[in-house]
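First comes the structure, then the notes that go with it.
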Amino acid sequence: MNVGNLIVTKNYKQDFSIKCPVCTTESFSAWGRVDIYNIERCQGCGLGITSPFPEQKQLVAINQETYLLEQRITTYRSRYEYFKKRYQRQLHDIKSFKPSGKLLDIGCNIGVFLSEARAASFETTGIELNRECAEYAQSHFNLSVHSDYLDNIAFEADSFDVVTMYDVLEHIPDLHSMLAEIRRVLKPGGLLVVQSPNLDSLMADLSKSAWGWLSPPDHLYHFTPGALSSLLVQTGYDVQLVKTWEPADDFCADVMQAKLGNSLLARITRKLIRLSGLALALVTVVQKNWWTRQKGALVEVYAVKATISCTLSSSTTDKGRSNDL
Ligand SMILES: [Zn+2]
């Protein structure tokens, strides 16, 4: 199996011996366990890796089984205002780097973000491997969406001003190849935005193995702000901005799920918190405090295509800065 410079062993229990794809360290410690999967943490850069690492054919099956069109539509419809606000905030941040131009969203789902991007004056293209979701984005939002792997599509070099990947990179086995291909299709100075769950988050610290966003084997990697920034620097990007955040009610629900399970008490408490604006406001204040310390459950990195190609020997970025919303 080709997973870049990651060497996967067959029998992890006795012999968990891999090279970290970010810092090449071979020293890992057990961080948590979900079902049959372990989350191993690199002692060099803090990256988490799912073990055992699934085979390519398993990954394709997981993608087809996990992301069903009806479920996705229901999720967006049930929280439409939330998603709209979230995407508008992300587009506001993108526009502070690139006010307009050609935008490629990798893993565009049913196309809600792309339709907001088009409304915000970007010329949009999407990639979505789930064919049903891609067809929905085409027919429902009249979007241009490819349903194939990025390197199969073979866009021309220097095509895009912005490439976005929300909740995608943690699913990609070969991180270096993916980021190299994105770098090739970005225009000089083009912007890459990557968002992924944050293994260094307060939510992960409190929930540990019960943290809902670990999601192995669907999630192969578990990034931190430092590990993600370092990976982007190594693959030829200049990191401009690192921020962490999370939806307030997700924070409450996930931490309670971890602490109280799915008991009646937990369900009632969750409902009360969702109904109580005051409780959510208090949680939001606490969260924003933690976000400034890069402890939000989602990490977002904004990076531009560097003019000179960097190598694996590049050091961890010192350009990233944290920022609350
Ligand atoms: Zn590492």
Give the residues of region 21-41 that are near the ligand (Cβ under 7 Å from one of its atoms) and of a type in the set (A, V, I, L, M), sorted by residue number. VAL22
By residue number, the members of region 24-72 that are among the aliphatic types (A, V, I, L, M) and under 28 Å from THR235 (Cα atoms) are ALA30, ILE39, LEU47, ILE49, LEU59, VAL60, ILE62
Region 109-160: number of residues that are in a helix (DSSP H, G or I), touching a Gly at 6+ places or on another chain (Cβ under 8 Å) and more than 23 Å from VAL60 (Cβ to Cβ): 3
Filter pass, ASP200 being farther than 24 Å from LYS243 by Cβ and not aliphatic (A, V, I, L, M): no
If ASP15 satisfies all but one of (1) at pLDDT 75 or above; (2) assigned to a loop (DSSP other than H, G, I, E, B); (3) not aliphatic (A, V, I, L, M), what's the number of the condition it fails? (1)
Reported set for region 194-228 where residues are among the hydroxyl-bearing types (Ser, Thr, Tyr) and within 14 Å of the chain's Cα centre (by Cα) is SER196, SER201, SER215, TYR221, THR224
Scan of region 42-92 for residues that are away from the ligand (no atom under 16 Å from the Cβ), under 18 Å from the mean Cα position of the chain (by Cα) and within 15 Å of HIS219 (Cβ to Cβ), ordered by number: LEU59, ILE62, ASN63, THR66, TYR67
Hey, any hits in region 77-96 for a residue that's assigned to a helix (DSSP H, G or I), among the β-branched types (Val, Ile, Thr) and under 26 Å from ALA303 (Cβ atoms)? yes
How many of the residues in region 165-184 are within 21 Å of PHE97 (Cβ to Cβ), surrounded by 21 or more Cβ atoms within 10 Å (Cβ to Cβ) and under 10 Å from the mean Cα position of the chain (by Cα)? 2
Residue check, ILE18 buried (at least 19 other Cβ atoms within 10 Å of the Cβ), of a type in the set (Val, Ile, Thr), without any contact (Cβ under 8 Å) to a residue 60 or more places away in the chain and more than 9 Å from the ligand (Cβ to nearest atom): yes
Out of all the residues in region 205-227, which are in contact with a Phe, Trp or Tyr (Cβ under 9 Å, 6 or more places away or on another chain) and within 16 Å of the ligand (Cβ to nearest atom)? LEU220, HIS222, ALA227
For region 185-212, which residues satisfy the criterion of being of a type in the set (A, V, I, L, M, F, W, C) and either at pLDDT 90 or above or surrounded by fewer than 21 Cβ atoms within 10 Å (Cβ to Cβ) (or both)? VAL185, LEU186, LEU191, LEU192, VAL193, VAL194, LEU199, ALA204, LEU206, ALA210
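The values are calculated or read from the model by the stated rules, or taken from the named source; none is laboratory data. Worth saying up front: this structure is predicted, and the values here are computed from it rather than measured. Note: ideal-geometry Cβ built from the backbone for every residue, glycine included; neighbour counts use all protein chains shown.
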